[in-house]
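The structure appears below as structure tokens.
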Amino acid sequence: MKTTACLFVTWAVYSQPAFAQTGDVYGVHDPVLIREADTYYLFSTGSRRGETLRLKTSADLINWQQADPPIAELPDWTREAVPMVRSLWAPDICYFNDRYHLYYSASSFGSNTSAIGLMTNTTLDPASDDFEWIDQGMVVQSGEEPHQHFNAIDPHVVLDAEGQPWMSFGSFWSGIKLIRLDEQTGLWDDEDHEIRHLSTRESPGAVEAPTIHRHGDHYYLFVSFDFCCRGVNSTYNLRVGRSNDVTGPYIDLDGIPLLDGGGTIVLETADRIIGPGHCDVFEDDDATWLVHHFYDADANGRSALQIRPLTWDETGWPVAGEPLALPDPADAGERRP
């Protein structure tokens, strides 16, 4: 399950020298990772028309294999809520209330007619008799109405110190939002329909793809600034702020609120790693891992998976380490997101 005890990678993996990731690591966009038993499950955006989500598995975080997606077709409700939907994007997975909660985005590029949905399962093992993804429908929707002036994509769920689930989400428009979830259903809490505001930038500044991670006495809000999806011309970069409360306010290292455009750089373009962004953060007993995609300058700008250690400096701010491994450009094939 996706908690501080859910990832049991040993430092032996981290201490090895960099070598190539193998298997299906290109074409990964907006990754999220979880572990059940001896298998890691990596969910990511479905980039092709009609594709739901992509799923890959690994036993060691280095060697990856393509697996069957959690569902074969777009849920009917997504076509009604978002007529231009062609695939599902930017999933997140979290374990609470004895089941896995897989959240996903239904949208179309450049539009905020969007919605976030939920599927649940009691196991991730397709060989189990209990394996069955059940779609629970829509969590939150955005659109042209004044009260929907945000973008309901890029969900991420965090459990606060009391185990209460919260969902952050957002892309462009009015920035990053937060809602309280019902811990029994995983849907928007009927008794708390407040939309909190966490991060924004003045136009045309872009902020999207939030991840909230609890470490020590703080909650850390990671966001992606600037522009993805442009291959070697992508300008994505990862930023962070922190708060004493999951609902904010989040402040960066220089004391600037993320609601005023603040955000301390965690990771940006370097060498062949172009536009790193849309991260997920995991803790195990020995290490914290930063999972994200980037655009590979050595592979004509194809998106690819990257996993690297995340440590904390003496003042409690996150520091991104070197990647566990880089993919082999020979495996990239033709460029697509």
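The values are calculated or read from the model by the stated rules, or taken from the named source; none is laboratory data. What you see is a predicted model; the values in this text were computed from it and never measured. Note that each Cβ is placed from the backbone with ideal geometry, even for glycine, and that neighbours are counted across all protein chains shown. Areas reflect the complete protein model, heavy atoms only, side chains present, ligands, DNA and RNA absent. Shrake-Rupley method; radii C 1.70, N 1.55, O 1.52, S 1.80 Å.
Pairs linking a residue in segment 302-325 that is at positive phi to a residue that is surrounded by 12 or more Cβ atoms within 10 Å (Cβ to Cβ) and of a type in the set (Lys, Arg), with Cβ atoms under 8 Å and 6 or more positions apart or on different chains, are Gly316/Arg242. Against the list (1) closer than 30 Å to Gln66 by Cβ; (2) of a type in the set (A, V, I, L, M); (3) in contact (Cβ under 8 Å) with a residue 40 or more places away in the chain, the condition Leu259 fails is (1). Of the strands (runs of 3 or more DSSP E) lying entirely inside segment 186-290, those containing at least 1 residues that are open to solvent by 30 Å² or more (accessible area, probe 1.4 Å) and under 24 Å from Val139 (Cα atoms) span 196-199, 207-215. Quick check on my filter: what residues within segment 1-42 are surrounded by 11 or more Cβ atoms within 10 Å (Cβ to Cβ), more than 13 Å from Gln306 (Cβ to Cβ), more than 16 Å from the chain's Cα centre (by Cα) and at pLDDT 80 or above? Thr22, Gly23, Asp24, Glu36, Thr39 - these are the residues of segment 1-42 that are surrounded by 11 or more Cβ atoms within 10 Å (Cβ to Cβ), more than 13 Å from Gln306 (Cβ to Cβ), more than 16 Å from the chain's Cα centre (by Cα) and at pLDDT 80 or above. Among the residues making up segment 56-78, those that are hydrophobic (A, V, I, L, M, F, W, C) and not in a helix (DSSP H, G or I) are Ala59, Leu61, Ile62, Trp64, Ala67, Ile71, Ala72, Leu74. Screening His149 with (1) closer than 26 Å to Thr122 by Cβ; (2) without any contact (Cβ under 8 Å) to a residue 60 or more places away in the chain gives one miss only, at (1).
Every residue, every condition in (1) closer than 23 Å to Asp182 by Cα; (2) surrounded by fewer than 17 Cβ atoms within 10 Å (Cβ to Cβ), yes or no:
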residue: Ser44; (1), (2): no, no
residue: Ser58; (1), (2): no, no
residue: Gln65; (1), (2): no, yes
residue: Asp68; (1), (2): no, yes
residue: Leu74; (1), (2): no, no
residue: Glu80; (1), (2): no, yes
residue: Tyr104; (1), (2): yes, no
residue: Ser108; (1), (2): no, yes
residue: Ser114; (1), (2): yes, no
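Of the residues making up segment 159-179, those that are open to solvent by 10 Å² or more (accessible area, probe 1.4 Å) and touching a strand residue (DSSP E or B) at 6+ places or on another chain (Cβ under 6 Å) number 2.
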